Structures are given as C-alpha cells and as structure tokens.
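What follows is a single structure, written as structure tokens, with notes after it.
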Amino acid sequence: VTEPSESFPRQHARTRRFTCGAPRDVRVADDGSRVLFLRSTSGDDPVNALWCLDTETGLERLVADPEALLAGVDYDGSQQVVPAAELARRERVRESGAGIVAYDALSDLSRVCFVLDGRVHLVEVAGSDGSDQVVEVPSSGDAFDPRLSPDGTEVAYVSGLSLRVTGAGGDRRVIGGTAPTGSWGSADFLAAEEMGRNRGHWWAPDGRRMLVCRVDTAPVAKWWISSPVNPGVPPRSTRYPVVGTTNATVGLSLVDPWADDPDALAVPVDWSDDGTYEYLADVQWPTDGWPMLVVQTRDHRTLAILK
C-alpha cells in the first residue's frame, strides 16, 4: 500500500516555505575569488551555517557551524537566545530560520562577524590552503545587528537600548539611552517596515567615527497585544504609530566610539530644521567622501539626498 504523500501545507511548514537547505545571503568577494553564503544541511533543517565557495576550485567548505560553536547543547534552533529587538527584526523580514541568520563582512570577505545565541563571533576566512578561524569576542550576551569596522578588527552591535563595540580590546558601551523609550543604534519601526532600512549605525570609512540613530518612542501611542497561542500569558505592550498619529522621534548623531565619554561628545546631525523631512530613509558613507542621507517627507511624496 502506498503511503499518502505529505500535503502541500505540511511541506510548506516543515521546509519553512521551501527555504531550508537552499543557499541564501550570498556575497561575492570584490576580487571574485570566493563566495560566502548561509545554508542548512537539508530541506527540513532550519539551522543555517556559514559556508564558503572557492570559485577557482569550485569546492565548498563549512566555515562556521552553530552546533560546533554551541558544543554541549542539543541544538536545533528552538533553544536559541534571541533578543526582543532581533525577534522584531526577524518578524519584519519574515525570517523563519535559526542558527546564523545574518552576517557582515569586509568587501574581500576576509573577515566576517555574526551573532549566535546573543553572542558575537568574529571569523577570519582563510584561503583555499588554510583553515578558517572562528572566535567568540566579549559581548553583553544579548547582541544583535553586528557591523564590522572597516579594518575588520572591531564589531559594533546593539544591546538593549545601547550601542556597543567589541574586539581585541574588550567590550565597551559607546552610547545609550537611559529612558525606557529611548534607544541608540537601531532603526525605528517605520524605517524598517516601510523603507527597508533595518540598521541604525554606520562606521566611517576610516573607523574613527560612527553615525548612530537615536529613536524615542515616547510620543507614540501604546497598544496591548495578547497571544492567541498562549492566551494565559498577559498581553504585552507595544508602541505602534497608527496612520495619522504621532511617529517616533528619530535623530542622528556623529559619535567618537574611542572617546572616554562618547555621550558627551556626540554631535547631532539635523537634516530638517523645519520638520519638512520627517523620515530618515537611508544612510550611506562612501569610502571617498562625506556621508549621505536619504530623507523623506511625511506624505512620502518627496525624497531628498543630503550630503
């Protein structure tokens, strides 16, 4: 007797929309010598690892394996420690995978950083004749959105309401909020959901300064959301900017991450004195010039590029 085939809805759920086992987040080195990508081991395994393809030989190799990095833990992704802000980011981008779900790298792909289980890892990617080195660097334990410094030695990341930098010199706070509604280093809800800006901190090309977003959600109306899966759990509060109501206050500051007191030396960047351009849609800092801001009016009808 032939067993009935698995229904499409069950296949769709088991394979996470048929994404398990497929290469994703592909990046090519600027010289074309190697390709980095994320992939799980099979069509029903949600745990992604970091892989490297040598374009000359066509050979693939495993660079960073979550199960090996979390040795001693029966790891299938369900036990993964994910900060609340990272969970919100994953929900916005429809991320259903586990393990390594995002990474940042230098243009030649020689250095890579990622967060696993809330901890920051730094990778030195070797050539075809060497072995890759994966090192966990000191962190707060609830890290997300790691970004490599231009020289690949330091990693900036968000922890709670603060921006931190870690590396060989240790982990340190750069700038952060004191009020529960104020955060540094993260994108505001509207920028992430409507404009595709999922980050809130950028290194200067020389690594000596950073542009950092500040978001204050105090003016935004508070809503209460219950869980239909766990109705016994008390509803959680969230601030959601309903159409036509007040948005979060978004600012941008130039920060020296190496100063003794970066908070005191932060220089505000005011892109709209009269409030015409309410939204900060994007930030780019070219290697050979000044930072550029893409700003937008509240009615979404006018964009401006500021330098």
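Each value in this text was obtained by applying a stated rule to the coordinates, not by laboratory testing. This is a predicted model, so every value here is computed, not measured. Note that we place each Cβ from the backbone using ideal geometry, even for glycine, and neighbour counts take in every protein chain shown.
The distance linking segment 263-307 with segment 178-225 is 13 Å (Cα centroid to Cα centroid, whole angstrom). According to the Cα-based calculation, Rg over Rh for segment 112-234 is 1.06, with Rh computed by the Kirkwood formula.
Once Rh is set to the Kirkwood radius over Cα pairs, what Stokes-Einstein translational diffusion coefficient, in µm²/s, holds for segment 195-248 at a temperature of 4 °C and a viscosity of 1.567 mPa s? The estimated diffusion coefficient comes to 90 µm²/s. Magnitude of the charge dipole for the chain, about its Cα centre and with charges confined to Cβ atoms of Lys, Arg (+1) and Asp, Glu (-1), is about 1020 debye. Volume of the convex hull of segment 176-307 (Cα atoms only), normalised per residue: 144 Å³. 3J(HN,Hα) along segment 107-117, derived from phi through the Karplus expression 6.51 cos²θ - 1.76 cosθ + 1.60 where θ = phi - 60°, amounts to 5, 8, 6, 7, 10, 9, 10, 7, 10, 9, 6 Hz, with x in place of Gly and Pro. Ordering ARG34, ARG298 from the fewest to the most neighbouring beta carbons within 10 Å gives ARG298, ARG34. Summary of packing: across the peptides 98-104, 59-65, the per-residue average of other C-beta atoms within 10 Å ranks them, highest first, as 98-104, 59-65.
Can you give the translational diffusion coefficient of the chain in µm²/s, computed by Stokes-Einstein from the Kirkwood radius over Cα pairs at 37 °C and 0.692 mPa s?
Working: Rh = 21.2 Å.
Translational diffusion coefficient: 155 µm²/s.
Which value, in debye to the nearest 20, describes the size of the charge dipole of segment 182-307 about its Cα centre when Lys and Arg Cβ atoms bear +1, Asp and Glu Cβ atoms bear -1, and nothing else is charged? Walk me through the numbers on the way to the answer.
Values: 11 positive and 16 negative charges, 100 e Å.
The calculated dipole for segment 182-307 is roughly 480 debye.
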